[in-house]
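Provided herewith is a single structure, encoded as structure tokens, for subsequent inquiry.
Bear in mind these aren't lab numbers, they're just calculated from the coordinates by the rules spelled out. Please read these numbers as outputs of a predicted model, since none were measured by experiment. Here the Cβ positions follow ideal geometry from the backbone for every residue, glycine too, while neighbour counts run over all protein chains shown.
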Amino acid sequence: MTASTGIDRRTGKPLSDWPHVRQSLGMIFTTRLSQRVLARLFGFAGVGLLGQPLTPGDLMKFYLAVVIAVELWEPRFAVTSLTYPAGDNSATGLGQGRFGVRVVGAYRPNALTGDFTVAATVSVIL
């Protein structure tokens with residue numbers, strides 16, 4: 001049984017399970033707060049931090065924004081850790097506000113129905 005289904009926003013084809021959750025996370029992480037007229041609270045506060053030199057305090061704000069956005073808007077994924085993949089980051093890039101973050105978490109395919117059983121540990125790169 002498929003826990004959730006939707007439409008791939010690029011191809012228009014049916015999308016289900018982890019690919020559907022990954023698309024949902026992508027939508028959350030690329031939407032600024034108050035960008036959606038009828039859903040002003042939907043989105044990711046970390047978008048406003050991108051493109052600026054990052055201080056350790058700003059980095060903690062970014063991490064917090066990731067966790068809060070996922071907790072609020074995607075119950076099928078629970079963040080367990082955030083890391084920097086070495087290949088996606090450099091001192092120059094960090095100084096320019098560019099960095100890659102791996103978000104690792106628990107995929108809970110039936111969370112929308114109240115069943116928070118973990119099916120797999122998965123990750124996405126921001």
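Work out, step by step, the length gained on full extension between ALA39 and ASN110: first 0.36 nm times the residue separation, then minus their alpha carbon distance; give nm to one decimal.
Difference between extended and current length: 23.2 nm.
Loop-only check: which trypsin sites (Lys or Arg not before Pro) in the stretch 4-81 are DSSP coil with at most 11 other Cβ within 10 angstrom? Before the final figure, lay out each step's value.
Values: sites: ARG9, ARG10, ARG22, ARG32, ARG36, ARG40, LYS61, ARG76; in loops: ARG9, ARG10, ARG32, ARG36, ARG40, ARG76.
Of the trypsin sites (Lys or Arg not before Pro), the ones in loops of the stretch 4-81 whose Cβ has at most 11 other Cβ atoms within 10 Å are ARG9, ARG10, ARG40.
Also, I was wondering about something else. Given the alpha-carbon gyration tensor of the chain, what are the semi-axes of its equivalent ellipsoid in whole angstrom, ordered largest first, with each equal to the square root of 5 times an eigenvalue?
In descending order, the three semi-axes are 26, 17, 14 Å.
With +1 assigned to the C-beta of every Lys and Arg and -1 to the C-beta of every Asp and Glu, and no other charges, what is the dipole magnitude of the chain about the Cα centre in debye, to the nearest 20?
For the chain, the charge dipole is close to 320 debye.
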